[in-house]
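Participant: To start, I am sharing the structure in question, which I have written as structure tokens.
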Amino acid sequence: MYNRLDGDKLLNDNRRRERTLIVGLELTMDTIDIDTSLDELQELVQAAGGVVVSRIVQKRDSIHPAYFIGKGKVEEIRLYCEELDIDAVVFNDELSGAQIRNLEKIIDKKIVDRTNLILDIFATRATSKEGKLQVKLAQLKYRLPRLVGMRDYLSREGGGIGTRGPGEQKLETDRRHILREINNIEKQLKEVEANRQITRKRRHNSNYPIVALVGYTNAGKSTLLNRLMDDESDESKQVFVKDILFATLDTSLRRARLPNGQIYLLTDTVGFVSKLPTHLIEAFKGTLEETKYADMLLHVVDASNSDIDIQIKTTIEILKELEVLDKPIITVFNKMDRTDIQSLIYESNLVGEKIFISAKNDVNIDKLKLLIQEKLPQEYKYILMKIPYDKQTILNYFMNNYEIENLRHEEDGTYFDLAINILDYERYKDYIVNPKTKIEK
């Protein structure tokens, strides 16, 4: 099956986008609709800076070990590439090094598989040191067994989709050099992880509950995080938002406040896609582990997407791999300004507590805040305390174990505000200035 799509499109700097042909294999056992899957692949290509000119689908009972698709179909693709002036052929699944090499010999065009395409996008999105190291490590591990098959197009001029990240020079050296590079990056990531653990400890000591936003890429997690933030007027704290896949790759952590005044922490995570290989999840394990340290998860869903059921299932499967399904989860159906509740079709057994919002238009955000407040498992009270000057050991305890606010020294003692856990509240209630100022769940 062959479908002609877009023609030439230009990048912002007037360079022609890479013209790509996307290829899907529909196996008899597949549960995901092939057109839906290729629609997502097309979005991925666009996110990588390419334009999809056409798509080809082949139905088979099994994968061809040498070419992934049938050899006759490979010949068809070669002819289409000549006819349509194709720069790259992008496959909807992961290919082996031998398959890439065999396909390139016949088609004589750059061959990119889904995994490499996603990594390519990750390489353009990572901004933190950890994010860049994670991407580079995943790319090297992916490319190592495929060096022979990928060598031809990596050495061609122009770069483009599938060639970002570690450059040609590093990938053309021997395997031992690449293994040393992998080992070096893994050591650096261990150092980053050690720092992350210190940060997590400080966060834990602050006694602020943590809410993690998870979900499919481009579901609106970053927009929602910005809506929930304590100080939306401070643009420097706003998280980057753009209507593209994987706009957010690095974890963001921001402070927010519930309607009862309690402070909590919001963390954003990398978005999910279908057919996300296990080793990619492993590569971003450090980032995704933020969900393990969260007290609650907000599963953000793009309600306007026609494949909402697939996106919910994909996210639930990944959360299951991360072993976090035991946490309180609120399913947040976002972008309701583009659809209505009656048109939503999904498996209800995968959705527990739910709410329908539009983060963009600020619809039901206040109701969501109340729901978060109601469902957060940990109980804290936001109070004002006064510690007499002869009780410095108590003051030191709070200074070392909490993130205190508005510290000031008056004639009769030291005053400060904090979110205190229920045990310490009972233990130190004699030092609460005014019980009426405490705010309970």
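Participant: How large is ³J(HN,Hα) for each residue in the range 390-402, as worked out from phi by the Karplus curve 6.51 cos²θ - 1.76 cosθ + 1.60 (θ = phi - 60°), to whole Hz, x for Gly and Pro?
Facilitator: Per residue, the Karplus-derived 3J(HN,Hα) values read 8, 10, 5, 5, 5, 4, 4, 4, 5, 5, 8, 10, 9 Hz.
Participant: Same structure again: Under the 0.36 nm per residue contour assumption, what length would be gained going from the current alpha-carbon distance of residue 321 and residue 59 to full extension?
Facilitator: Gain in length upon complete extension: 91.3 nm.
Participant: Can I ask one more? Quick check: net charge around residue 330, other residues with Cβ under 15 Å of its Cβ, Lys/Arg +1 and Asp/Glu -1?
Facilitator: Charge balance in the 15 Å sphere: +2.
Participant: Just check the range 353-406 against the gyration tensor rule for me: Cα atoms, a ≥ b ≥ c as the square roots of the eigenvalues, rounded for a/c under 1.5, and otherwise prolate or oblate depending on whether a/b exceeds b/c.
Facilitator: It is prolate, given that a/c is not under 1.5 and a/b is the larger ratio.
Participant: Could you compute Rg(Cα) / (2.2 N^0.38 Å) for the range 40-113, with N its residue count?
Facilitator: My calculation over the Cα atoms of the range 40-113 gives 1.05.
Participant: Beyond 26 Å between alpha-carbons counts as too far, so tell me which of 221/381; 313/354; 71/136; 190/292; 109/221; 59/313 fall in that bin.
Facilitator: Flagged as over cut-off: 221/381; 71/136; 109/221.
Participant: Do any GluC sites (Glu not before Pro) in the range 266-351 lie in a DSSP loop with no more than 12 other beta carbon atoms within 10 Å, and if so, which?
Facilitator: Within the range 266-351, the qualifying GluC sites (Glu not before Pro) (loop, at most 12 other Cβ atoms within 10 Å) are 323, 347.
Participant: Over the range 380-437, one equal point on each Cα, no solvent: what is log10 I(q)/I(0) by the Debye formula at q = 0.12, 0.18, 0.21 Å⁻¹?
Facilitator: So the normalised log intensities work out to -0.23, -0.53, -0.74.
Every number in this text was worked out from the coordinates using simple rules, so none of it is lab data. Being a predicted model, the structure only gives us computed values, none of them experimental. No Cβ is skipped: glycine too gets one built from the backbone with ideal geometry, and neighbour counts run over all protein chains shown.
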